[in-house]
Amino acid sequence: MPNLLEVQNLNVDIEKKHVLDGVNLCVNAGETHVLMGPNGAGKSTLGYTIMGNPRYTVSEGKIFFDGEDITEMGADKRAAKGIFLSFQTPLEVPGISLENFIRTAVQQRTGERVKLFQFQKQLKETMKLLHMDESYASRDLNVGFSGGERKKSEILQLLMLNPRLAILDETDSGLDVDAVRTVSKGIEEYQKRQNGALIIITHSTKILESLKVDKTHILVKGKIIKEGDGSLVEKINESGFEQFLANS
């Protein structure tokens, strides 16, 4: 069977600036990969490029999803195939409620009409898991939400959409200890679903403490300079990135 995600020799430019240089990455179904590195290393760029953000130009290399070349595919089609990206700073969307946004996204993801009662029941159960007040479901998407509630909203979408590959970009940034714990619990719930794969982009290791990590990648100056299993996270925790930068 092919890898769920395979990135081959990926070179990416944004506004004529070269930001990724020969990145290779393979993710299998059910695996959790962690992508770490200093600021400006290209971590978010890799996430956005896998998702198909048109601002990022692939100058060389290929992206395969479930064996299919998606390098030139639009973001909407990638989403329909089961790729999900959470944002560092989730956007406000006035005029559409959180509930309606998720219900529409689920219908587009599955191609099937969503049964309202069943959907609302699942939504309430998932919001309870994330300690979200049910009133947020009827509020405009992220409008007036605190930073923590916006991040919970992203994890709520993750659990409701149940994508095949989820890319979480700095989901833990700006969160207090309790919010990190809640978000981590939501990610852990997603991990229990056997075929879901994760790429977690993060500076901090706090969100990883209760999660099973299969592979860790360190990205510096647009290149993956070190790879390992979950124990590599502990080495970064102990000594930071300096030990790897000298050889980059």
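The values are calculated or read from the model by the stated rules, or taken from the named source; none is laboratory data. Just so it is clear, the structure is predicted and the values come from calculations on it, not from any experiment. As a convention, Cβ positions derive from the backbone with ideal geometry for all residues, glycine included, and neighbour counts pool all protein chains shown. Side chains included, ligands, DNA and RNA excluded: accessible areas come from the protein's heavy atoms. Shrake-Rupley method; radii C 1.70, N 1.55, O 1.52, S 1.80 Å.
Of all residues in the stretch 5-21, how many are at negative phi and surrounded by fewer than 20 Cβ atoms within 10 Å (Cβ to Cβ)? I'd like the intermediate steps shown before the answer.
Step one: filter the stretch 5-21 for residues at negative phi, giving 5-8, 10-14, 17-21.
Filter once more, keeping what is surrounded by fewer than 20 Cβ atoms within 10 Å (Cβ to Cβ): 6, 8, 11, 13-14, 17-18, 21.
Total meeting the criteria: 8.
Looking at the stretch 31-39, can you tell me whether even one residue there is in contact with a Lys or Arg (Cβ under 8 Å, 6 or more places away or on another chain), open to solvent by 10 Å² or more (accessible area, probe 1.4 Å), charged (D, E, K, R) and at positive phi? Full working, then the answer.
Of all residues in the stretch 31-39, those in contact with a Lys or Arg (Cβ under 8 Å, 6 or more places away or on another chain) come to 31-37.
Next, only the ones that are open to solvent by 10 Å² or more (accessible area, probe 1.4 Å) stay: 31.
Pick out the ones that are also charged (D, E, K, R) and you get 31.
Checking the rest, the ones that are also at positive phi come to none.
Checked the stretch 31-39: no residue is in contact with a Lys or Arg (Cβ under 8 Å, 6 or more places away or on another chain), open to solvent by 10 Å² or more (accessible area, probe 1.4 Å), charged (D, E, K, R) and at positive phi.
Could you list, in sequence order, the residues of the stretch 59-92 that are part of a strand (DSSP E or B) and open to solvent by 40 Å² or more (accessible area, probe 1.4 Å)? Talk me through it step by step, then tell me what you get.
Within the stretch 59-92, the first condition is being part of a strand (DSSP E or B), and the residues that meet it are 59-65, 68-69, 83-86.
Scanning the stretch 59-92 gives 59, 60, 62, 64, 68, 69.
Looking at residue 3, is it polar (S, T, N, Q) and closer than 28 Å to residue 234 by Cα?
Numbers: polar (S, T, N, Q): yes; closer than 28 Å to residue 234 by Cα: yes.
Criteria met by residue 3.
Being among the hydrophobic types (A, V, I, L, M, F, W, C) and either touching a Lys or Arg at 6+ places or on another chain (Cβ under 7 Å) or in a strand (DSSP E or B) (or both) is the filter; apply it to the stretch 93-103 and report the residue that is surrounded by the most Cβ atoms within 10 Å (Cβ to Cβ). Before the answer, list the steps.
Applying the first criterion (among the hydrophobic types (A, V, I, L, M, F, W, C)) to the stretch 93-103 yields 93, 96, 98, 101-102.
Filter again for either touching a Lys or Arg at 6+ places or on another chain (Cβ under 7 Å) or in a strand (DSSP E or B) (or both), leaving 93, 96, 98.
Details: 93: 13, 96: 12, 98: 24.
Applying the filter and picking the extreme gives 98.
Would you list the strands (runs of 3 or more DSSP E) that sit entirely within the stretch 158-248 and hold 2 or more residues that are open to solvent by 70 Å² or more (accessible area, probe 1.4 Å)?
In the stretch 158-248, 223-228 are the strands (runs of 3 or more DSSP E) which contain 2 or more residues that are open to solvent by 70 Å² or more (accessible area, probe 1.4 Å).
Looking only at residues in the stretch 127-155 that are among the polar types (S, T, N, Q) and in contact (Cβ under 8 Å) with a residue 24 or more places away in the chain, which one is surrounded by the most Cβ atoms within 10 Å (Cβ to Cβ)? Walk me through how you get there before you give the answer.
At the first step, the residues of the stretch 127-155 found to be among the polar types (S, T, N, Q) are 135, 138, 142, 146, 153.
Cutting the leftovers down to in contact (Cβ under 8 Å) with a residue 24 or more places away in the chain gives us 138, 142, 153.
Working: 138: 10, 142: 21, 153: 24.
Step by step, filter the stretch 127-155, then rank; the result is 153.
Need the failing condition index for residue 110 against (1) within 18 Å of residue 83 (Cβ to Cβ); (2) open to solvent by less than 70 Å² (accessible area, probe 1.4 Å), just the number.
Among (1) within 18 Å of residue 83 (Cβ to Cβ); (2) open to solvent by less than 70 Å² (accessible area, probe 1.4 Å), the lone unmet condition for residue 110 is (2).
Residue 24 - would you say it is open to solvent by 10 Å² or more (accessible area, probe 1.4 Å), in a strand (DSSP E or B) and polar (S, T, N, Q)?
Values: open to solvent by 10 Å² or more (accessible area, probe 1.4 Å): yes; in a strand (DSSP E or B): yes; polar (S, T, N, Q): yes.
It is true that residue 24 is open to solvent by 10 Å² or more (accessible area, probe 1.4 Å), in a strand (DSSP E or B) and polar (S, T, N, Q).
For the stretch 42-72, what are the residues that are of a type in the set (Phe, Trp, Tyr) and more than 23 Å from residue 30 (Cα to Cα)?
Going residue by residue through the stretch 42-72, those that are of a type in the set (Phe, Trp, Tyr) are 48, 56, 64-65.
Once the filter is applied, which keeps residues that are of a type in the set (Phe, Trp, Tyr) and more than 23 Å from residue 30 (Cα to Cα), the stretch 42-72 yields only 56.
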